[in-house]
Amino acid sequence: MKVTRESASPTEVTLKIEMDPADEEPFLSRSYRRVVGRLRVPGFRPGKAPRAIVESYVGRTGLLQEALEFMLPETLDRAIKDESLKAYSQPQVDLVEMEPVSFRAVVPLEPVVDLANFRDIHLKKVPAEVTEDQVKEVIERFQYDSAPWEPVVRPVQFGDLLNLDVTGTIGGDSVLIDEAVDYVPRLDSVLPLPGFPVHLEGMTEGEEKEFSLAVPEDYPRPEYAGKECHFQVKVHSIKEKKLPALDDEFAKGVGEGFASMEALRTQVRERLTQEAEGLAARRFEEQCLQEVLKAASVQASPLLFQQELEIMREERQRSLRNQRVNMDTYLSIIGKTEEEYAEQLRPQAEERLRRHLVLQKLAQEEGIEVSPEEVQAEVDSLVATAGEQEQAMRRALSSANAQESIRSSVQVRKVLQRLVELVQQTGDQAGSPAAVGAAQTPGQQEPVPQSQDVTS
């Protein structure tokens, strides 16, 4: 076997491996033993035909083709060992010649990650705050949710609960047929199309109406984008919410019940504070990590980035399968080819890999490891609320892949906790206005998305 280093860098090595007949012979013998078991040769019992006879049937090339499955990886493993290399991930192998066998392998090496002076990062965490308006908003949501819908005789207003018949056609194609569907018109609603709720305002019970709306250019079905949709609507009923008074009697009916409105407000404030502190902690962890990422330099084999891209594509395919959508349909909906979709994912894949490598380097620098006991504790925590599915969930989490995923997750959590400790130590010592200003503004929170009140 002849091994040649065709190229080399700090992050990958390209090897060309050329085999001679003596190298191939053990693999051909194994290939023969596999082929003879499924080949039917007249005059011989299954699995008993001599190799020469088998080779006359399938040819030496046929045996070689069968042998490549184990010949290439095993030969490459030997070559990597002989060259004193350590592959960081799966090498890329390309067959060059069949007679004699020669192939080329790109071997990714451990990436080179420089964290710069990450211990000198100065940030200060700002405590989370909860405003009275936020408490009021939650209580008003309880008030709205607990109120019954009651019939009303008046024209439709935004926020009513309507029962409708709706049909929609685009260019003669029926795209929407709903009978006796419940719908809550809101001014900012974009379902089924932007502007639809506006045409319902002022309608009365039993009234029928026709109108047309432009289909947005980014509509999920490209064949309808930019066209007009013609709607026919009939209102069967109109209902409105009768909101209860916000008093102690109301508080007794919320959840498991509260003695008074003040007790309810206290509980809501405590819960919001807990949620805000958790959100602020996650944001601060991410902010600290982003500061490290900005300063760090990462050199990695291009093959690693390509492999990360493939992982992301496989993740999306699994997600689509769970929704009973295949990849071709999804690509048609978003109007992209496979190549265009891959290019769209590439920056995200590169950032995800870079993030992973920096976290790994931080764990190495700080000596952060995860013990089997910590992995088991995490499993116990995950299955604590599984109920009757506990044993099935434990079995699923006992696989090697699941255990490694859990170990990695726990390690990332520990790394981020340690990073926050370091940043807060230096931040407290520094105490500079610039450092303080880098943190989140007090009380600043992401808006809570409101669900569309439509039932069918």
Q: Filter region 364-413 down to residues that are among the polar types (S, T, N, Q) and not in a helix (DSSP H, G or I), then give me how many there are.
A: 4
(Q) Tell me whether region 307-329 contains one or more residues that are touching a residue at least 60 places away in the same chain (Cβ under 8 Å) and at negative phi. (A) yes
Q | Failed criterion for residue 149 (all others in (1) at pLDDT below 95; (2) out of contact with any helix residue (DSSP H, G or I) (no Cβ under 7 Å at 6 or more places or on another chain); (3) of a type in the set (Phe, Trp, Tyr) hold) | A | (1)
Q) What residue, among those in region 224-235 that are among the hydrophobic types (A, V, I, L, M, F, W, C) and in contact with a strand residue (DSSP E or B) (Cβ under 7 Å, 6 or more places away or on another chain), is surrounded by the fewest Cβ atoms within 10 Å (Cβ to Cβ)? A) 231
Q: Just give me the residues in region 274-303 being more than 23 Å from residue 129 (Cα to Cα) and basic (Lys, Arg), in sequence order.
A: 294
Q) From the list 227, 239, 209, which one is more than 24 Å from residue 140 (Cα to Cα), modelled with pLDDT of 95 or more and of a type in the set (Lys, Arg)? A) 209
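Looking at residue 290, is it surrounded by fewer than 17 Cβ atoms within 10 Å (Cβ to Cβ) and at pLDDT 95 or above?
yes
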Q | All strands (runs of 3 or more DSSP E) inside region 16-131 with 3 or more residues being in contact with a Phe, Trp or Tyr (Cβ under 7 Å, 6 or more places away or on another chain) and charged (D, E, K, R) | A | none
Q: Determine whether residue 165 is within 23 Å of residue 224 (Cβ to Cβ), modelled with pLDDT of 95 or more and either in the same structural domain as residue 270 (by TED's automatic domain parsing) or of a type in the set (D, E, K, R) (or both).
A: yes
Q | Contacts under 6 angstrom Cβ, first residue in region 166-187 being of a type outside the set (A, V, I, L, M, F, W, C), partner in a loop (DSSP other than H, G, I, E, B), 6 or more apart | A | 171/227; 185/158; 186/158
Q. Which one of these is loosely packed, with under 15 Cβ neighbours inside 10 Å and either farther than 17 Å from residue 5 by Cα or in contact (Cβ under 8 Å) with a residue 24 or more places away in the chain (or both): 97, 129?
A. 97
Q | Residues that are in contact with a strand residue (DSSP E or B) (Cβ under 8 Å, 6 or more places away or on another chain), surrounded by 15 or more Cβ atoms within 10 Å (Cβ to Cβ) and among the charged types (D, E, K, R), drawn from region 100-116 | A | 104
**Q.** Within region 307-333, tally of residues that are within 23 Å of residue 89 (Cβ to Cβ) and basic (Lys, Arg)
**A.** 3
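Yes/no per residue for (1) within 18 Å of residue 175 (Cβ to Cβ); (2) of a type in the set (D, E, K, R); (3) touching a strand residue (DSSP E or B) at 6+ places or on another chain (Cβ under 6 Å); (4) surrounded by 14 or more Cβ atoms within 10 Å (Cβ to Cβ):
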site: 210; (1), (2), (3), (4): yes, yes, yes, no
site: 216; (1), (2), (3), (4): yes, no, no, no
site: 219; (1), (2), (3), (4): yes, no, no, yes
site: 222; (1), (2), (3), (4): yes, no, no, no
site: 237; (1), (2), (3), (4): no, no, yes, yes
site: 242; (1), (2), (3), (4): no, yes, yes, no
site: 249; (1), (2), (3), (4): no, yes, no, no
site: 253; (1), (2), (3), (4): no, no, no, no
Q.
Could you go through region 294-314 and let me know if any residue there is under 30 Å from residue 139 (Cα atoms) and among the hydroxyl-bearing types (Ser, Thr, Tyr).
A. no
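The values are calculated or read from the model by the stated rules, or taken from the named source; none is laboratory data. The structure displayed is predicted, hence computed values, not measured ones. Note: ideal-geometry Cβ built from the backbone for every residue, glycine included; neighbour counts use all protein chains shown.
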